[in-house]
Amino acid sequence: MKRPAKAGDPAERALAASFARLRVAERADAPDFPAVETLQPASGHSVFFRPMLAASLAAGIAAFALFFVAGESRQDQDPVELYASIMAANEITTDQLILTSPGMLPEAGGLPAIYEIEMPAFAGGVQK
Amino acid sequence: MNLMKVVLLGVFLLAAAAVHAQTDYLEKGTSQRKVFAMGLYPPDVIMKHQQRLGITDDQRAGITAAVKQFQSEVAELQWDMQNEQQLLLQSLSANDIDQEKALDEAGKALAMESQFKLAHMKLLIAIKNELTDKQIEMIKLAIQQRRQDKGQ
């Protein structure tokens, strides 16, 4: 059974004296306040804040620049250039298989294409 | 520094190749186009003569939107189509062709080329639908005049 502590108890006095010595020792070991202050960022934020802020800012600027440039190019892209680039990049290979060479079949070169039937000066005399 | 030079050279070469491909298409395309015979007019022809035809800002915006729609439709298809075409050409280049394999590859290539042609047809129809009757008549007359000037 634990008895309640009293102020004049020798054990209590010894314990209070021990804590007092501990506080004195801690004060003696603690660095000066100005020295600790110099380790902190000027703004008072953690040391990780500045790199994170810089990285966030850089990413934001890069994203903005990309969006701006992409938006400009979308708006300014000439439809003729775009069309030409698509058509140049997509060759219909199998169409080449059904082309007839006029050199191999001379008479094929003289056959009128569909639209040529309407041409007034067509060599075959076909009138529109 | 050297890396930067290599990157800049690469960018320059890519840009030059792209410009060459585009101009090459436009130059050789004009004399081989039977698309006019079908009553359809490619965007480059319309835009080239936009002042003469009196193309409005709304029409220009519509044509631009149609070309961008075409681009989005064929962008993904392009890679698969080229891959199938290459496989087909490889098979056909053999002295002894595996007929079954080649026909299977031809079927895949044809299916993708058909998709591309359909998307292109959709574009040409959308462009013609942007034009007024008067503009279409002007184009027809210009084509007829061009043929007469060539003495065909």
Original post:
If we keep just the residues of the stretch B:94-137 that are open to solvent by less than 30 Å² (accessible area, probe 1.4 Å) and either of a type in the set (Gly, Ala, Ser) or touching a strand residue (DSSP E or B) at 6+ places or on another chain (Cβ under 8 Å) (or both), which is farthest from B:LEU53 (Cα to Cα)?
Top reply: B:ALA102
**OP:** Of all residues in the stretch B:104-152, count the ones that are within 11 Å of chain A (Cβ to nearest Cβ) and in contact (Cβ under 8 Å) with a residue 60 or more places away in the chain.
**Re:** 4
Original post:
Which ones in the stretch B:67-84 are open to solvent by less than 20 Å² (accessible area, probe 1.4 Å) and over 27 Å from B:ALA106 (Cβ atoms)?
Top reply: B:VAL67
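The values are calculated or read from the model by the stated rules, or taken from the named source; none is laboratory data. In this text the structure is predicted, and so the values were computed from the model without any measurement. Note that we place each Cβ from the backbone using ideal geometry, even for glycine, and neighbour counts take in every protein chain shown. These area figures cover heavy atoms from the full protein model, side chains too; ligands, DNA and RNA do not enter into them. Shrake-Rupley method; radii C 1.70, N 1.55, O 1.52, S 1.80 Å.
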